[in-house]
1. Taking amide H atoms as placed 1.01 Å from N in the peptide plane, list the residues 5 or more away in sequence, or in a different chain, whose amide H sits under 5 Å from that of Gly85.
2. How about the stretch 295-403: which GluC sites (Glu not before Pro) there are in a DSSP loop, with at most 15 other Cβ atoms within 10 Å of their Cβ?
3. With a cap of 14 neighbouring Cβ atoms within 10 Å, and only residues DSSP puts in a loop, list the chymotrypsin sites (Phe, Trp or Tyr not before Pro) found in the stretch 156-227.
4. Using the Kirkwood formula on the Cα atoms of the stretch 129-216, what hydrodynamic radius do you get, in angstrom to one decimal?
5. Where the centroid of each part is defined by its Cα atoms, how far is the stretch 19-59 from the stretch 238-299 in Å?
6. Using Cα pairs under 8 angstrom and six or more residues apart, how large is the relative contact order of the chain, in percent?
7. List the aspartates and glutamates whose Cα sits under 14 Å from the Cα of Lys357, skipping any in the same chain fewer than 8 residues away.
8. Taking θ as phi - 60°, what are the ³J(HN,Hα) couplings along the stretch 122-132 by the Karplus curve (6.51, -1.76, 1.60), each to the nearest whole Hz, with x for Gly and Pro?
Amino acid sequence: MIDTSIFQDKKVAFHTLGCKLNFAETSSIGRSLTESGFRKVKPGEQADVCVINTCSVTDMADRKCRQAITRFTRLHPNAFVVVTGCYAQLKPEEVAGIRGVDLVLGAKEKFDIELYLNDLHKKEQAEVHSDKINAVKDFHPSCSSDDRTRFFLKVQDGCDYYCTYCTIPFARGRSRSGTIAQTLEAAKLAVSEGAKEIVLTGVNTGDFGKNTGETFFQLVQALDDVEGVERYRISSIEPNLLTDEIIQFVAQSKRFAPHFHIPLQSGSNEVLQLMKRKYKRELFAEKIQTVKLFMPHAFIGVDVIVGTRGETAEYFEDAHRFIESLDISQLHVFTYSERAGTKALEIDYKVDSAEKKHRSEQLHQLSEQKVHAFYQSEIGKQAHVLWESAKKGECMHGFTENYVRVVAPYDKAKTNTIETVVLKDFSKEEDVIALTI
């Protein structure tokens, strides 16, 4: 039994790096700590405990995590500092060596954080509690809502794919999820907290139900009947798991938005093979065509990695031409980073840093062209905008069902409401393309 009396009125600060999954999990951890007696630190206050949830998808992510930890220890010099997340799981001793860190928790331990907070005095040497990743078998439903209009609902965790460039299976373990019934309860809780839009998130979202005997399609069907949700988005789904039945269901769904985020990673079949991806580019092209057949107005975002080992100049040019031919809306471009323990290090051919940067710039330019063309196609159409709370200057922004960013004069009363509008013209908001009404 935990003695929670020591937590009463203790102030806790949170900082999250990385993916939507991390934000959902930080919210879950925060809710647990609040129920135990903590309260979230207010601006200007000194925290008693700092919880930093880290990412480790690239070397740059590791560096940002170290910088964030150092910054928080300076902002809250007397706080008990807890570091968890993927960086803490993959490199616990490295994290423990950062000045000011008191406690390092791995993937299994982070959801039982109260068990490790029995003494909140600063430590001369950080404690490390990090079980082997193959021991991580539990699934913890999580949903983030802090200061957001959109809620991010974690429906799946872990991955069994072991792509050659990726450390996620080592940081998050095997693919697993809760049941449909448990996920529906989490969605209903989000609705009770004001959620109008819920984004389904996971490491390999389409792999939902692998450990429960259910399927992602069955989950989508069940969620569509939850009252009170205006719209869902599927945050990311592997092309080999995006079935035609899912696409056709979304096209006629009451609540699922015509918006897909589909990882491609490379438009070269040779590079896809080196990456150990589970599809060829021809399948990817078929999926794009099917989406557009049933939903011509759908927004399609695509992840691409540049500069991986084995990506010769010829392979990149081939990939660029293929991506250019796709009827997609936006690219999310990532520069390859060497990760210890991955099979990619066994590939001889390396791309130098300058060439990686050049290739990244080319794909970012292509992405801008794709976004501009998609937005141009939406001008003059009627759409439904969910307005977000943030105020920037005299404006606020929101997103249509097919993920067009829209700006309008700020009106606090519109926050978290859906308005029917007609999209008029282009606007630039902090170098981000948007449309006006």
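Throughout, read-outs are computed from the coordinates displayed, never taken from laboratory work. All of these numbers come straight from a predicted model, not from anything done at the bench. Positions of Cβ are backbone-derived with ideal geometry, glycine not excepted, and every protein chain shown enters the neighbour counts.
1. The answer is Thr54.
2. Details: sites: Glu311, Glu314, Glu317, Glu324, Glu338, Glu346, Glu355, Glu361, Glu368, Glu378, Glu388, Glu394, Glu401; in loops: Glu311, Glu338, Glu394, Glu401.
Filter output for the stretch 295-403: Glu338, Glu394.
3. Numbers: sites: Tyr161, Tyr162, Tyr165, Phe170, Phe208, Phe216, Phe217; in loops: Tyr161, Tyr162, Tyr165, Phe208.
In loop regions of the stretch 156-227 (DSSP not H, G, I, E or B), the sparsely surrounded chymotrypsin sites (Phe, Trp or Tyr not before Pro) are Tyr162.
4. On the way: mean 1/r = 0.0725 Å⁻¹.
Hydrodynamic radius (Kirkwood, Cα pairs) of the stretch 129-216 is 13.8 Å.
5. 34 Å
6. Details: 893 pairs, mean separation 42.9, N = 437.
The value is 10 percent.
7. Glu311
8. For the stretch 122-132, the Karplus curve yields 4, 9, 6, 10, 5, 7, 10, 10, 8, 6, 4 Hz.
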